[in-house]
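Input: a single structure, listed below in structure tokens.
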Amino acid sequence: MRAGESVIELAAELPLIDHHCHGVQTGTATDAEVELLATESNWPAPPGTSVFDNPFGITVRSVCAPLLDLPRHCTAEEYLRRRGELGGTEVSARLLASSGTERYLLDTGFRASTVMTPDEMATLTGAATEEIVRLEALAESIAPGCTAAGFASAFDDALEAAAANAVGVKSIIAYRHGLDFDPAPPEPAQVTAAAGRWLTAIEAGSPTRLADPVLLRHLLWRAVELRQPIQLHVGYGDPDIVLHRCDPSHLTGFAHATRTTGARLMLLHCYPYIRQAAILAQLFPHVWLDTSSAVSHAGPSSQTLVRESLEIAPMHKVLYASDAFGLPELYACGSWLWRRAVGRVLDEWLADDLIGAADARRYVEMLGRGNAVRAYGLE
Amino acid sequence: MRAGESVIELAAELPLIDHHCHGVQTGTATDAEVELLATESNWPAPPGTSVFDNPFGITVRSVCAPLLDLPRHCTAEEYLRRRGELGGTEVSARLLASSGTERYLLDTGFRASTVMTPDEMATLTGAATEEIVRLEALAESIAPGCTAAGFASAFDDALEAAAANAVGVKSIIAYRHGLDFDPAPPEPAQVTAAAGRWLTAIEAGSPTRLADPVLLRHLLWRAVELRQPIQLHVGYGDPDIVLHRCDPSHLTGFAHATRTTGARLMLLHCYPYIRQAAILAQLFPHVWLDTSSAVSHAGPSSQTLVRESLEIAPMHKVLYASDAFGLPELYACGSWLWRRAVGRVLDEWLADDLIGAADARRYVEMLGRGNAVRAYGLE
Amino acid sequence: MRAGESVIELAAELPLIDHHCHGVQTGTATDAEVELLATESNWPAPPGTSVFDNPFGITVRSVCAPLLDLPRHCTAEEYLRRRGELGGTEVSARLLASSGTERYLLDTGFRASTVMTPDEMATLTGAATEEIVRLEALAESIAPGCTAAGFASAFDDALEAAAANAVGVKSIIAYRHGLDFDPAPPEPAQVTAAAGRWLTAIEAGSPTRLADPVLLRHLLWRAVELRQPIQLHVGYGDPDIVLHRCDPSHLTGFAHATRTTGARLMLLHCYPYIRQAAILAQLFPHVWLDTSSAVSHAGPSSQTLVRESLEIAPMHKVLYASDAFGLPELYACGSWLWRRAVGRVLDEWLADDLIGAADARRYVEMLGRGNAVRAYGLE
């Protein structure tokens, strides 16, 4: 750093690797769609209230408004009107450009038809894009044509093909069961039996949604064989989750079981269990964490969360991500809030003379991109 | 706000609605009674120590002392002596007036004979008062005269009568069982059988204390039918509680089951699960939270708790409460600490330019009274 | 305090009682040993990374480097080279002297052959030393010669002898089982049966490691009879632990069962359950807590942890400890970080006029040594 320079300034200019996010919306969202994409809730805000009074909505009206030529702290109505005037593509282009992201690692397995593909994201932003394969979505995509006996090998084939074009996989076992699963791999006979039950139910008209714990564990263990990063949803998310079952300390046995396999466990979001995740990241050489979506949704308070992620975790184990889905404001605010938070925390450490300038420069680069490069083998 | 005005100043002058508290003591408490009312413990502090060195006691000696004509930071002995000189009524009048409360919502079901009724509170303070019906106390009051088969309808009648004069109900299922209860309503036959066991035990000389989970759930579900606010004790309280069983994420299933019923769930205190409660308040349109008693007991550190309550919850879902019981210092400190904390947090947001002055004004009013008006339908 | 003096200055000069730590290493550790002693992980940091980029390692390079004649913020390589030049004894002498500890309470039951005895620690530092008896290590030391029927009385004899020279005992039931144990004492017949199973396994070649929950509870209850402080590992530790089972709220039943026995429960470390531990310390007259090892491992962020320990606990229930084992840097950083944190928190309370100077002086002395004197009956 030059004399007088702060980490906040360094952090503001750093090209970021967003190691976990989704595509931005295609087309122009309606006002009601914007309100729903701006919260983890599945339902509209109560009558007389607005999601623009959530911490994230407050941040949008403050940080994104000027990027759309509006004054800071405009009203929700003003923001939505201007958004509609500009149209989805222009709004996305402006807001994603503001994020300063040099590379997006994109989970392509969630409501894929409504958001841009990795190629479309690359075209829109000029950034590099990589793919992350969502295990459950992959299994659901091949299930209809399978027999019980054939499911395991069909999934292996599909995973091998998908992984060839990807830099990692993702599991949402937290949503479908909880992180309190049996950490051992299931026996093949158990997998066949579970596949039989699932496929029979699908044929009988049930939705293909995969929630069987044996199959969820099977998918995870097949991913372990790939010796790649495995992203795991942890903690806060939409109302499908039972939060205490998403405490990452339930992953302790799985972390022991996978420590020497070559697989890496990337704990996503982690709120409010950031400290639990950071403890695992200190204890286990193959565990990383981020605070991603929780940073956006905590808005003005987000530095508290980033500060917790840096409390006890090694500096080489914390990653940047936006976890943005659909709404371009999530990429813009996720990046802006994270840069501000990391800069402030490291500036405090500098002011306390607990780190020097050389370490400060090194750490902000590691947190924003270097750790992702090492964890995913990107370069 | 006028130029140069801070949210702290706005917050200091705002009339508050205390959506959850109890009556203040009648008569003059002895020194030993004061020490026990000033902590959630059930036992005196160890020999050689004093509750006036708890964070709440520290705050009393700082904030309440001048209201009783003492210097700030007086000793415990000086404080108790002056308190005795003035007498309970004068102490209550001064301290409750300092709280700036325009309306009290009073839980009348806990040790009611030792504290003022809503009418007495109104007379003492000049504020409006409303009643909250404690479900378990109501059931215990009617149990002695019931048969097993008659209990359910007798409770319905009693609840209908009580609710007619009340603005909401309260459940202490957290104390009597834990929040990890079966979220579904019990079957009528189960309720009759459970009532039979309870009433037989009472006749055999057991205390009437209701702790049967079937009956506790039945009471809750009868309250759901009222389509009113249901206050739920969450987290920190006296030693009867097993804390991890009072994590509000155990309420996820009940929140799903009640979402469209018209009932509202008001999560009280929530410490140390404030974040878990705030997440539910974001996800579910019918969930609110406060930090009430924990703010008083955290004293000098209470802004950390208020800050957490505003981390991820919508601004329209966080409420003010003192949860004061008996001791007038709890109303005074609860209000003073909460005003200071909310003011500081919003002033920081202002200083960061993440909110503007119009939002700051709007939010402090919502947090201190407007949200309670909407949640309870008060005006 | 004199005019203009801060609590930080007072805290920096206060002689400390370190109520929970271990002996410092004998001899000179290799670089690899230093790296492993500097983390709770059991395995080296991933290739390309170093434990000197953990929050604790950062603190070592900042705080300890000048004590070894190096510039602040030196590199890991520079630090290790200088450490080797000086040799283990000189490094230990300098770093332990910097801690300003007047008395060490030493857990002698963990890898005792690799660290100094209490007498050696006293000789090295000039401080007083006391012994804490580790229950499980004591049982393991006598097991080989016992019969099932004779185990209980042999343990009683060994405990009586060991306690005669000690000021307290320690249990690691959190590591060996979890804190979610049955709070009642086991029946004698259960103890005999469990001892039989354990001793048979040892004779058959199993390691002597005691993990049977009946025996672990028996040891605890024998310790209760001593009417002494019982240190309990809580929360964060090495990878043997399943974190959520080390939440101290699982101890609620045990706290009730022991409240009037004369035993005292000293909750160690407690991270990330500091608030849960502090709540128990407020509720139960015989419960204390510290933040010890977590403070060292949180390095630059450690004041957040100390602040939480002072949030709701009585000021007479929080203790200082380093939990240092082997590595002299742990004593130096544990002390330095704790002094800084306590000083900052109390200075903020002073600045807010929520405490006065007399209380500030009194509290910093209580936290650093007075509370330990009372809890352990040291003077």
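Values for this structure:
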| item | result |
| --- | --- |
| Largest to smallest accessible area among C:E348, C:E308 [probe 1.4 Å] | C:E348, C:E308 |
| Relative contact order (%) - criterion: Cα under 8 Å, at least six apart; region: chain A | 23 percent |
| Antiparallel DSSP beta bridges within the protein assembly as shown, as percent of all bridges there, nearest 5 | 5 percent |
| Chain C: most fluctuating residue of C:G23, C:G262, C:G145 per GNM, C-alpha cutoff 10 Å | C:G145 |
| FRET efficiency, 1/(1 + (r/R0)^6) with R0 35 Å, evaluated for A:E348 and C:E5 via beta carbons | 0.90 |
| Cα gyration tensor shape for the protein assembly as shown, rounded if a/c is under 1.5, else prolate or oblate | rounded |
| The stretch C:1-60 - accessible surface per residue (Å², probe 1.4 Å) | 39 Å² |
| Residues in the stretch C:46-84 that, when all protein chains are in place, have 40 Å² or more less accessible area than the chain alone would give (probe 1.4 Å) | C:P46, C:T49, C:D53, C:N54, C:P55, C:I58, C:H73 |
| Buried on assembly, the stretch A:213-241 (at least 20 Å² less accessible surface than by itself, 1.4 Å probe) | A:Y236, A:P239 |
| Around B:P207: net Lys/Arg minus Asp/Glu count, Cβ-Cβ under 14 Å | -3 |
| Degrees separating the helix A:213-225 axis from the principal Cα axis of chain A, which is the longest one | 70 degrees |
| Selected from A:A195, A:A154, A:A358 as most flexible by GNM, with chain A as the system and alpha-carbon contacts under 10 Å | A:A358 |
| 22 Å Cα-Cα reach of B:K317 towards lysines, excluding residues that sit fewer than 8 places from it in its own chain | B:K170 |
| Residues with amide H under 5 Å from that of A:H20, placed H, sequence gap 5 or more | A:L105, A:S322, A:D323 |
| Relative contact order of the stretch B:243-324, defined on C-alpha pairs under 8 angstrom at six or more residues apart (%) | 29 percent |
| Teacher prompt: C:A12 distances to equivalent labels in other copies, 7 Å Cα→Cβ, nm | 3.3, 3.3 |
| Label 7 Å beyond Cα on the Cβ vector: C:T117 copy-to-copy distances, nm | 7.5, 7.5 |
| Counted charge near B:C21, where neighbours are those whose Cβ lies closer than 10 Å (Asp, Glu -1; Lys, Arg +1) | -3 |
| 0 to 90° range, to nearest 10: angle between helix B:274-283 axis and chain B longest Cα axis | 70 degrees |
| Label zone at B:E102, where the point sits 7 Å out along the Cα-to-Cβ direction: the stretch B:357-379 residues whose backbone N lies under 17 Å | B:361-379 |
| Gyration tensor verdict on the stretch A:253-375 (Cα atoms; rounded if a/c is under 1.5, prolate if a/b is larger than b/c, oblate otherwise) | oblate |
| Sequence-distant residues sharing a close amide H with B:K170 (under 5 Å, placed H) | B:V133, B:R134, B:L135, B:Q231 |
| Accessible-area value, B:H256, 1.4 Å probe, nucleic acids and ligands omitted, Å² | 80 Å² |
| Long-range HN-HN contacts of C:T129 with modeled amide H, under 5 Å | C:Y104 |
| Per-residue ³J(HN,Hα) for the stretch A:64-76, Karplus 6.51 cos²θ - 1.76 cosθ + 1.60, θ = phi - 60°, Hz, x for Gly and Pro | 7, 3, x, 5, 9, 6, 9, x, 4, 6, 5, 7, 4 |
| Summed buried accessible area for B+C [probe radius 1.4 Å, Å², rounded to 100] | 3200 Å² |
| Cα-based shape type of the stretch B:83-163, given that a ≥ b ≥ c are square roots of the gyration tensor eigenvalues and the cut on a/c is 1.5 | prolate |
| Theoretical ellipticity at 222 nm over chain B - DSSP helices of four or more residues, -39500 (n - 2.57) apiece, nearest 500 | -13500 deg cm²/dmol |
| Acute angle (nearest 10 degrees) that the helix C:328-351 long axis makes with the longest principal axis of chain C, alpha-carbon atoms | 70 degrees |
| Distances in nm from A:A204 to the matching label points in the other copies, shortest first (labels 7 Å along Cα to Cβ) | 4.4, 4.4 |
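The values are calculated or read from the model by the stated rules, or taken from the named source; none is laboratory data. Predicted model only: the values in this text are computed from it and were never measured. Cβ sites come from the backbone with ideal geometry, for glycine too, and all protein chains shown count toward neighbours. Accessible surface areas use protein heavy atoms only, side chains included; no ligands, DNA or RNA. Shrake-Rupley method; radii C 1.70, N 1.55, O 1.52, S 1.80 Å.
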